[in-house]
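Student: Submitted below is the structure of interest, expressed as structure tokens.
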Amino acid sequence: HAAANYLLAGGGLCFSAESTCKLKAKFNLNGYKDVEKKTVVVGGMFPVHKRIASTDGNTSRAPVSSGCEGFNFRTFRWTQTMLFAINEINERNDLLPDTDLGYVIYDSCFTISKAVEGTLTYLTGQDEAVPNYRCGTGAPLAALVGAGGSDLSIATARILGLYHFPQVSYFSTCSALESKFQFPTFLRTIPNDKHQSTAIAQLVLHFGWTWVGTIAADDDYGKYGIKDFKEQVEEAGVCISFSETLPKVSSPEDIQRIIETVVQSTAKIIVVFSSDVDLSPLIVELLQHNVTNRTWIASEAWVTSALINQPGVNSVLGGTLGFGVKRADIPGLQRHLLDLDPYADPLTEEFWETVFNCTLDYKTALKKAKQRAKEVNGTLSRMVPDGLCTGSESLAPLNNTYSDVSQLRITYSVYKAVYAVAHALHNLEHCVEGQGPFTGKSCANISNFQPWQLMYYLKNARFKVPNTNEEIYFEDGDVEGFYDIINWQVNGNGEISYVTVGHYNGSVATGDRMFIMNDSIVWNNEVLEPPRSVCSENCQPGTRKGIRQGEPVCCFDCIPCADGEISNTTDARECILCSGDYWSNDAHDACVAKIIEFLAFGEPLGITLIVISAFGALITIAVGGVFVVHISTPLVKANDPLLSFSLLLSLVVTFLCSIVFLGEPQKWSCMTSQVALALGFALCLSSIMGKLDMLMLLLQILECHFIDLIIQAIACTVWLLVVPPHPIKNTSAQNIKIILECDEGSVIFICCIFAYDILLALLAFIFAFIARKLEDHFSEAKGLTFGMLVFFIVWISFVPAYLSTRGKFMVAVQIFAILASSFGLLTCIFLPKCYILLVKPERNTEEMMKPRAKPRDGTSTGTSASIATTATEVNASTASTAIDD
């Protein structure tokens, strides 16, 4: 009894109506079918409609398979292309001459569920699908050409793979389908999206775009395509401004969100991986919001789609760049497209009614006419109601997407897919027994072969496409990755035309893959220059990139390089430190040699100092000359000529040694300048001490006063021998300059030497201050006091002035201090004497040099001359006493 419940059919078992297994659902499928008296049946699946019709979701009644809505002229042309190719093959004598191909084609409605329904029904071999069974005794099934989008093919390929059933896709480009582990029987005549993702990435890099937005369909095609693209461009330093996903089901809220994202983003380049059906709602909203000044990068699924290229889109999509698969002309196809019988089948009938906006059913037309008459309170007066198709309308004048054969790209891919199946069947049919590829070198029977046997011939097929002579072969189920680069340009009629501006071939060497004619591209708003799309403008030489916290690496601030650092490249990440003798220029883009600075003889300041020094030396010599001329006068005698001349000599030395500080420091000048200054001041101060000692009767012999000079000379000699001063390049005092100066060799030595001079100066000042009360018509003590006071004022002021200056001005300050102190001593000590000698000679008498009368307090005072005379007498008396003793 159990056996009675089964029917043997076509090598498989099919359940009868009385079986205990019951059919759970009946699918609602539309399409084309011609299997009667055919040798082999080829399956096909096309998204003739854009979506399934919405349902109310009522679960209180038996579910019904949804119908489809949104007729798509473009995909209907693909369907007709498969029918044309099969008819063309059946008429050929060189390809399957003894085999008549049949077909079963279903509408997938661009929906996974419908694609699965069609696949199961096709495999079953009858209108009611019975999973895992082949019912009927008809011709064997060859392969499935389809199923449209990548999502649909992934769903159907998983089912077909279970039965090792070949599938050849014309439109499914998703890189996930290359996995032979998941999809062992999937092949395609359209390039793998891994090529397209790489091509778009190279296009973005070619034009230097680093700030890009992406939009992807919410399916495997969009997700995988954008994922591969983003991985490649991000590795190359491109940043993604935003990533949005197009809804599969119409959602105004999602579309509005995407519009706001596009408008708010500063990215001018937007890459879109989507089908035309999914993208169409967004384009409508972009037009309504007038979102312009963007350049769109199109994937092959919509780059030549008339559904997107609607009137008025040039303001938004003008200048679009995209990648299209190979284009070809197919002779005879247009005639086939225009020569349709509207009554042949439901799909063609629906197409006819849609394209002519009428109905082929008289009753339907009459009903609509009555309804319109009722709405306007009229009566139906015509026998033939309005809106009725005659069936004899001509498609030729319409010039719509269906009949447009100027951009046959996906259509050509359909054509190639059908021919791939035909060539595989041809090779299977003409297998020579005993030389076959199967066990025992057997061959398959064209009238009764297994799907896996045809799969062998498909994956090894190699043929040339009619008319184009393009050679087709599969490598792991894929064909070569060749694309035309297409630019949307506005023609003279204000319409978008597709202009090929380059090509990409993923099968050749990396450097030769892309060829693009930049000058042929017309960009958005009809400009010829490529748009810039960057988050931040390039950092020019002289700056470095400073990353903004929390933002992509393409968003940065350009930070000027610090002084002494440069960057000589665009978008430098770090500034380069200039080496010791170099410094950054004003633009901070090159290291230039530092300015060499020293107080030169020839510059105005140097000349001024030389003149002042020479003038001081000449004045001092002149004073000495005056003293020589008047050496026998009382005033000169009273001031001890030897001490006066030694003092004048020391002042000449100090005036002239200041000149040695000028010019580029040399070893000899460094050694001479400080030593001459130290010895000059030592001689000067020793002479002053000598004068003061005589005034205050402190020393017995004049020669002892010059012991100070001998001590200083010994110290300087040791200094020059042990750690002599030497010239150096000071690169740390000023950043942009190298100061040539003298290194004193030893701080301890120079401090000791000048400390000794300071000690002498302090003693001289103290003694001069004490001796100031020796009043007379002429008081040398007072002059010495003022001279030492000027000396201290100058050198105390010198310290802060010296420490607050840099470079050559430090030398200038030191020279000014030397000259000022020298002029101070010369003026205070010798000016009064010269005044008497030259202007008031009548006062230069012995009488004027004598002591004055004692004051009322009884203290004795005297002139310098009287003091000097007294000192001489005391010394003589002391010597006499010593002899007597």
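Student: Compute the distance from the alpha-carbon center of the stretch 386-432 to that of the stretch 206-222, in whole Å.
Tutor: So the separation of the two Cα centres works out to 32 Å.
Student: Let me ask something else about it. What FRET efficiency comes out for the pair Ala236/Lys26, r = Cβ-Cβ distance, R0 = 56 Å, nearest 0.05? Each step should come with its number before you reach the end.
Tutor: Working: r = 53 Å, r/R0 = 0.95.
After rounding, the FRET efficiency stands at 0.55.
Student: Moving on. How much accessible area per residue does the stretch 604-846 have, counting only protein heavy atoms and a probe of 1.4 Å, in square angstrom? Please report the intermediate quantities before stating the final value.
Tutor: Details: 10990 Å² over 243 residues.
With all protein chains present, the stretch 604-846 gives 45 Å² per residue.
Student: Would you mind computing, in nm to one decimal, how far apart the modelled labels at Ser315 and Thr570 are, each placed 7 Å from Cα along Cα→Cβ?
Tutor: So the label points at Ser315 and Thr570 sit 3.4 nm apart.
Student: Another question about this same structure. Please list Ile610, Ile714, Ile190 from largest to smallest accessible area, probe radius 1.4 Å, with all protein chains kept in place. Each step should come with its number before you reach the end.
Tutor: On the way: Ile610 50, Ile714 105, Ile190 0 Å².
Sorted descending by solvent-accessible area, the residues read Ile714, Ile610, Ile190.
Student: Could you tell me the accessible area of Val355 in Å² (1.4 Å probe, neighbours in place), rounded to the nearest ten?
Tutor: 30 Å²
Student: To the nearest 10 degrees, how steep is helix 112-124 against the longest Cα principal axis of the chain, on a 0 to 90 scale?
Tutor: 40 degrees
Student: State in Å² the accessible area per residue of the stretch 543-593; use a 1.4 Å probe, count heavy atoms of protein chains only, and round to the nearest integer.
Tutor: Numbers: 3080 Å² over 51 residues.
Per residue, the stretch 543-593 has an accessible area of 60 Å².
Student: Would you mind getting the accessible area per residue of the stretch 172-257, heavy atoms of the protein chains only, 1.4 Å probe, in Å²? Spell out each step's value before the answer.
Tutor: On the way: 3180 Å² over 86 residues.
So the stretch 172-257 comes to 37 Å² accessible per residue, rounded to a whole number.
Student: According to the square roots a ≥ b ≥ c of the eigenvalues of the Cα gyration tensor, what is the shape class of the stretch 500-653, taking rounded for a/c under 1.5, prolate for a/b larger than b/c otherwise, and oblate for the remainder?
Tutor: Numbers: a/c = 5.74, a/b = 4.86, b/c = 1.18.
Cα axes put the stretch 500-653 in the prolate bin.
Student: Quote to one decimal, in nm, the extra length available between Arg532 and Val284 on full extension: 0.36 nm per residue of separation minus the C-alpha distance between them. Before the final figure, lay out each step's value.
Tutor: Values: separation 248, 0.36 × 248 = 89.28 nm, distance 2.56 nm.
Stretched fully, the Arg532-Val284 segment lengthens by 86.7 nm.
Student: For helix 410-429, what angle does its Cα long axis make with the longest principal axis of the chain, in degrees from 0 to 90 and rounded to 10?
Tutor: Taking the Cα atoms of the chain, the angle to 410-429 is about 60 degrees.
Student: What order do you get for 826-835, 337-346 when each peptide is scored by the mean count of other beta carbon atoms within 10 Å, highest first? Mind showing how you got there, number by number?
Tutor: Details: 826-835: 18.8, 337-346: 13.8.
Final packing ranking: 826-835, 337-346.
Student: Measuring from label point to label point, each 7 Å out along Cα→Cβ, what is the Leu831 to Ile547 span in nm?
Tutor: Using points 7 Å along Cα→Cβ, the separation is 7.2 nm.
Student: Just the number, please: percent antiparallel of the DSSP beta bridges in the chain, rounded to the nearest 5.
Tutor: Details: 48 of 85 bridges.
Restricted to the chain, the bridges split so that about 55 percent are antiparallel.
Student: While we're here: Specify whether the C-alpha gyration tensor of the stretch 543-593 places it in the rounded, prolate or oblate class, a ≥ b ≥ c being the square roots of the eigenvalues: rounded for a/c under 1.5, otherwise prolate if a/b is larger than b/c and oblate if not. Before the final figure, lay out the partial values.
Tutor: Values: a/c = 3.26, a/b = 2.95, b/c = 1.11.
It is prolate, given that a/c is not under 1.5 and a/b is the larger ratio.
Student: Leaving ligands and nucleic acids out of the surface, order His503, His195 by accessible area at 1.4 Å, largest first.
Tutor: The ordering from most to least exposed comes out as His503, His195.
Student: When you count, for each residue, the other Cβ atoms within 10 Å and take the mean per peptide, how do 37-43, 458-464, 841-847 rank with the highest first?
Tutor: 37-43, 458-464, 841-847
Student: Does the stretch 214-278 come out rounded, prolate or oblate by the C-alpha gyration tensor, with a ≥ b ≥ c the root eigenvalues, rounded set by a/c under 1.5 and, if not, prolate when a/b is larger than b/c and oblate if not? Please report the intermediate quantities before stating the final value.
Tutor: Details: a/c = 2.74, a/b = 1.28, b/c = 2.14.
Because a/c hits 1.5 or more and a/b fails to exceed b/c, the stretch 214-278 counts as oblate.
Student: Hey, another quick one. Please give, to one decimal in nm, the separation of the simple spin-label points placed at Asp100 and Phe769, each 7 Å out from Cα toward the Cβ.
Tutor: 13.9 nm
Student: If I take R0 = 25 Å and measure r between the Cβ atoms of Asp218 and Trp452 in this structure, what FRET efficiency does the formula 1/(1 + (r/R0)^6) give, to the nearest 0.05? Kindly include the intermediate steps, with their values, before the conclusion.
Tutor: Working: r = 34 Å, r/R0 = 1.38.
That gives a FRET efficiency of 0.15.
Student: Still on this model: What aspartates and glutamates could a cross-link reach from Lys26, if we take a straight Cα to Cα line under 12 Å and drop same-chain neighbours fewer than 8 places away?
Tutor: Excluding near neighbours in sequence, the set is Glu117, Asp127, Glu128.
Student: Moving to a separate point now. Of Lys416/Lys441; Lys729/Lys808; Lys227/Lys464, which pairs sit farther than 22 Å apart, going by alpha carbon to alpha carbon? Intermediate values should be presented prior to the final figure.
Tutor: Working: Lys416/Lys441 29 Å; Lys729/Lys808 12 Å; Lys227/Lys464 34 Å.
Result: Lys416/Lys441; Lys227/Lys464 exceed 22 Å.
Student: Tell me what the chain gives for mean residue ellipticity at 222 nm when only DSSP H runs of n ≥ 4 count, each as -39,500 (n - 2.57), the sum divided by the residue total, rounded to 500 deg cm²/dmol. Kindly include the intermediate steps, with their values, before the conclusion.
Tutor: On the way: 23 runs with 364 residues, N = 885.
Value at 222 nm, helices only, nearest 500: -13500 deg cm²/dmol.
Student: Students sometimes get this wrong: rank Arg74, Arg257 by accessible area, probe 1.4 Å, all chains present, largest first. Before the final figure, lay out the partial values.
Tutor: Values: Arg74 10, Arg257 95 Å².
I get Arg257, Arg74, largest accessible area first.
Student: Please report the carbon-and-sulfur percent of the accessible area for the chain; probe 1.4 Å, protein heavy atoms only, DNA, RNA and ligands left out.
Tutor: Working: 23460 of 41600 Å².
About 56 percent, which is the carbon plus sulfur part of the accessible surface.
Student: I would also like to ask the following. Be a star and scan the stretch 799-831 for residues whose amide nitrogen sits under 11 Å from the point 7 Å along the Cα-to-Cβ vector of Ile793.
Tutor: Answer for this model: 824.
Student: Still on this structure, please answer the following. Between Val592 and Val747, what FRET efficiency follows from the Cβ-Cβ distance if R0 is 41 Å, with the result rounded to 0.05?
Tutor: Values: r = 33 Å, r/R0 = 0.81.
In this case the efficiency is close to 0.75.
Student: Kindly provide the pair-distance distribution of the chain built from C-alpha pairs, with 10 Å bins from 0 and whole-percent values in order of increasing distance.
Tutor: 2, 9, 14, 13, 9, 6, 5, 4, 5, 5, 6, 6, 5, 4, 3, 1, 0, 0
Student: Working from Cα positions, state the angle (0 to 90°, nearest 10) between the long axis of helix 808-834 and the longest principal axis of the chain.
Tutor: For helix 808-834, the angle is close to 20 degrees.
The values are calculated or read from the model by the stated rules, or taken from the named source; none is laboratory data. Keep in mind it's a predicted model, so treat the numbers as computed, not measured. Cβ coordinates were reconstructed from backbone atoms using ideal geometry, including for glycine residues, and neighbour counts include every protein chain displayed. Heavy atoms of the whole protein, side chains included, go into the accessibility calculation; ligands, DNA and RNA do not. Shrake-Rupley method; radii C 1.70, N 1.55, O 1.52, S 1.80 Å.
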